[in-house]
1. What are the residues in segment 61-88 that are surrounded by 13 or more Cβ atoms within 10 Å (Cβ to Cβ) and in a helix (DSSP H, G or I), if any?
2. Answer with yes or no whether residue 99 is free of Cβ contacts under 8 Å to residues at least 60 places away in the same chain, within 15 Å of the ligand (Cβ to nearest atom) and over 15 Å from residue 28 (Cα atoms).
3. If you take the residues in segment 45-63 that are free of Cβ contacts under 8 Å to residues at least 60 places away in the same chain and among the hydrophobic types (A, V, I, L, M, F, W, C), which one is farthest from residue 23 (Cα to Cα)?
4. Of the conditions (1) within 12 Å of the ligand (Cβ to nearest atom); (2) under 14 Å from residue 94 (Cβ atoms); (3) among the hydrophobic types (A, V, I, L, M, F, W, C), residue 53 satisfies every one except a single condition; which number is it?
5. When residues of segment 66-96 are filtered for being near the ligand (Cβ under 10 Å from one of its atoms) and over 30 Å from residue 175 (Cα atoms), how many remain?
Amino acid sequence: MAASIKMARGFYCPKQSLVGSAMIELYTWSTPNGRKISILLEELNVKYKIHPIDIYRGDQSNPAFVALNPNKKIPVIVDDDVSEGVSTILTESGAILIYLADKFGAFLNRDGVGRYRAIEWVMFQLSAVGPNFGQLHHFRNRVDQQPYAYERFLGETHRLYGVLNKRLEESRYLAGHDYGIADISLFPWIARRDWHNVDFPQLPNLSRWFDDVAQRPAVARGMSVPS
Ligand SMILES: N[C@@H](CCC(=O)N[C@@H](CS)C(=O)NCC(=O)O)C(=O)O
């Protein structure tokens, strides 16, 4: 009988199928929400194993993946560190960023206002940038059928670019002096700026920030996952 392991989500699964030798298992695809996590794992320089979930082929509906995330979305991590008795399955990119930063003690302050400033900007990315840019990506291929929807999400996307440019006028990074998970959560979305019909050079603070973050080797490695 296959060895089984109790997962934090409360069910047992075959050890061979879901838990490998790597400490962190990353289920991901070549999209912004997935790349946030591969960038942070590269920055942390921790061992991780990549499981590509091709969302265009429908892999997110495979029963083994749905068992990990009933919401059928990447990214998901399984942390095989059973020091607390169980492996941890975690969905939602924002929760995963905070979990990994706290676990490895980097890229997020332990306490103080700086911690909550970073979480504030991660939530801005999750609640505003992600949903609006995501809808814009959907409707940009359907402008003829849905011009109103395209214009609405384009206008909101441009407004959000303005908010970010203003924030980065007063602060080197999103949360303050230090690069961290807020910047990591946003970077893969701005990397798709060619899809946003935005005059990037007219946003000098955001352009400066983008070039700064882009030159980090871990960011380049994380942006190529899955290869
Ligand atoms: N709120 C989620 C959103 C995750 C998400 O939308 N993932 C997309 C790829 S970027 C996905 O898996 N889409 C598959 C689908 O919708 O079928 C998070 O931040 O993790």
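1. Across segment 61-88, the qualifying residues are 64, 65, 67, 68.
2. Yes: the conditions hold for residue 99.
3. 55
4. All conditions are met except number (2).
5. The qualifying residues number 1.
The rows are residues; the columns are (1) touching a strand residue (DSSP E or B) at 6+ places or on another chain (Cβ under 8 Å); (2) of a type in the set (D, E, K, R); (3) in a helix (DSSP H, G or I).
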position	(1), (2), (3)
183	yes, yes, yes
194	no, yes, yes
197	no, no, no
201	no, no, yes
207	no, no, yes
211	no, yes, yes
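Since every read-out is calculated from the coordinates, none of them should be taken as a lab result. Given the structure is predicted, the values throughout are model-derived calculations rather than measurements. All Cβ positions, glycine included, derive from the backbone under ideal geometry; neighbour counts span all protein chains shown.
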